[in-house]
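So the structure is just underneath, and the comments pick up after that.
The values are calculated or read from the model by the stated rules, or taken from the named source; none is laboratory data. None of these values were measured; they are calculated from a predicted model. Here the Cβ positions follow ideal geometry from the backbone for every residue, glycine too, while neighbour counts run over all protein chains shown.
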Amino acid sequence: MEKTKTLFDIIGPVIIGPSSSHTAGAVRIGYLAGKIFGEIPKKVKFKLYNSFAKTGKGHGTDKGLLAGVLGMDVDNESIKKAFNYAKKLNVEYSYEFAQDSSRHPNSVDIFLEGSYKMKISGNSVGAGEVCINMIDGYKFNINGDYNTLILLYKDKPGMVYRVSSLLQSKNLNIATMHCDRKAKGEEASMGICLDSIIPDSLIKELEKIDEVYLIRSIEVLKK
């Protein structure tokens, strides 16, 4: 079903400009990536594709992505000073630029390093709207419209049931759920969009499950 257009889709978000796609979208991709990574990275590399690569620098895409990873949202005046903030935090950052017709016009791969390494890919789809579509090679569809639960775990029977049962016990309604895996019995992923705020008590229960490697709770993005 086609998404109904709203006034927000036409006008766009309240942002630090100049561009909703190249600036606000970049900030939001970086912001979500930072939340998913779960810590300020020691090192981050951004590989920008297509329109992001060609015109993004002039529109602040480079600063926007970095500012988002550092925890800034789209209305933060300090986005323009992202490079200075990164230096103060001793965050090493770099950029690569590429053309790939198989990728979305405004897409980026983010390589984060800290206490561990992670690769996150996302697209800026217009009017400040974004989509995180890959985390460490697993397919996701995270756009910030819902409170979202992200899990990486060992694939084994009953895992989806166990997680969904915990959600039910907390009276949390699932809007969408997407699961992915590389092979039977190996590492797998789960992305769950929820209609309600995810309580800390749920995270504590999930942490008790054996062979769950990563748990992240992502709140709805500000509009």
Residues located in segment 163-189, provided they are over 25 Å from residue 124 (Cβ atoms), surrounded by 13 or more Cβ atoms within 10 Å (Cβ to Cβ) and touching a helix residue (DSSP H, G or I) at 6+ places or on another chain (Cβ under 9 Å): 163, 166, 167, 170, 172, 174, 179, 188
May I ask you to verify whether residue 87 is of a type in the set (Lys, Arg) and within 18 Å of the chain's Cα centre (by Cα)? no
All conditions in (1) modelled with pLDDT of 95 or more; (2) within 24 Å of residue 48 (Cβ to Cβ); (3) surrounded by 15 or more Cβ atoms within 10 Å (Cβ to Cβ) are true of residue 117 except (3)
Select from segment 120-133 the residues that are closer than 19 Å to residue 38 by Cα and either without any contact (Cβ under 8 Å) to a residue 24 or more places away in the chain or small (Gly, Ala, Ser) (or both) and write down the one among them that is surrounded by the fewest Cβ atoms within 10 Å (Cβ to Cβ). 133
Taking the condition of being touching a His at 6+ places or on another chain (Cβ under 9 Å) and not small (Gly, Ala, Ser), how many residues in segment 111-137 meet it? 4
Can you give me the number of residues within segment 33-61 that are among the aromatic types (Phe, Trp, Tyr) and farther than 11 Å from residue 112 by Cβ? 2
Cβ-Cβ distance below 7 Å, separation of 6 or more or different chains: which pairs start in segment 73-92 with a residue that is in the same structural domain as residue 35 (by TED's automatic domain parsing) and in a helix (DSSP H, G or I) and end on one that is among the polar types (S, T, N, Q) and surrounded by 12 or more Cβ atoms within 10 Å (Cβ to Cβ)? 85/78
Hits in segment 129-142 - residues which are closer than 15 Å to residue 177 by Cβ and either more than 12 Å from the chain's Cα centre (by Cα) or not aromatic (Phe, Trp, Tyr) (or both): 138, 139, 141, 142
The residue that is farthest from residue 132 (Cα to Cα), considering only those in segment 188-211 that are at pLDDT 95 or above and in contact with a Leu (Cβ under 7 Å, 6 or more places away or on another chain), is 205
Unmet requirement for residue 107, which otherwise passes all of (1) of a type in the set (S, T, N, Q); (2) without any contact (Cβ under 8 Å) to a residue 12 or more places away in the chain; (3) part of a strand (DSSP E or B): (2)
